[in-house]
Amino acid sequence: MRKIIQIQPLPASPNGASLIGVCALCDDGRIWLHDTGEESAWRCLPEIPGPTSAASASEKPPQAGKRWLPEDDEQLATLWCQQRFDVERIAKQMQRSDGAIVSRLVRLDFYGDRDEVREENQRRRRTATAVTHSPTETHADPLQVHETS
């Protein structure tokens with residue numbers, strides 16, 4: 001059996017002198033209307049469609065919101081520290097958002113705050129761009145790019 005959670009009179013005029021009906025919100029989330037001018041029973045109002053969950057779910061990475069396991073932390077440490085991938089590449093590989101990767105690097109005490117991670121990420125992206133745009137230069141360490149004046 002339904003329980004009425006809230007009931008609201010529907011005035012016909014702004015001063016509330018007369019009523020055209022009563023609206024009731026029930027515990028099942030449905031809204032019911034009773035027209036005072038008719039002797040009919042209560043009728044359920046149609047639901048208002050909400051945002052489609054399929055569209056919003058497809059925008060999120062598959063691992064979004066899921067618990068980080070110790071193996072995930074190890075993979076993140078390897079990709080960030082040893083392979084020196086940028087945040088976007090790690091996020092894509094680990095199927096998480098960029099923000100999740102940044103936050104986890106802070107939580108694992110690799111950096112003091114998110115801004116430090118973002119600064120390092122920008123350095124890595126500039127380094128990767130410089131390496132890919134200068135094929136004639138050779139470096140002992142391809143991840144180290146030396147600026148020339």
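Descriptive notes on the structure:
- In the range 60-109, the residues that are basic (Lys, Arg) and not in a helix (DSSP H, G or I): Lys60, Lys66, Arg67, Arg84, Arg96
- The listed residue being touching a residue at least 40 places away in the same chain (Cβ under 8 Å) and in the same structural domain as Arg67 (by TED's automatic domain parsing), out of Arg107, Arg118, Arg124: Arg124
- Thr136 vs. criteria modelled with pLDDT under 95 and exposed (fewer than 11 other Cβ atoms within 10 Å of the Cβ): yes
- The combined condition, being without any contact (Cβ under 8 Å) to a residue 60 or more places away in the chain, more than 24 Å from Val131 (Cα to Cα) and hydrophobic (A, V, I, L, M, F, W, C), is not fulfilled by Leu76.
- Residue in the range 59-73 that is polar (S, T, N, Q), at pLDDT 95 or above and surrounded by 10 or more Cβ atoms within 10 Å (Cβ to Cβ) present: no
- Hits in the range 1-47 - residues which are under 32 Å from the mean Cα position of the chain (by Cα) and modelled with pLDDT under 75: none
- Any hit, the range 91-105, residues being surrounded by fewer than 13 Cβ atoms within 10 Å (Cβ to Cβ), closer than 28 Å to Val131 by Cβ and either at pLDDT 95 or above or not hydroxyl-bearing (Ser, Thr, Tyr) (or both): yes
- Residue check, Ala130 at pLDDT below 95 and among the hydrophobic types (A, V, I, L, M, F, W, C): yes
The values are calculated or read from the model by the stated rules, or taken from the named source; none is laboratory data. All values derive from a computational prediction rather than experimental measurement. So basically every Cβ, Gly included, is an ideal-geometry build from the backbone, and we count neighbours across all protein chains shown.
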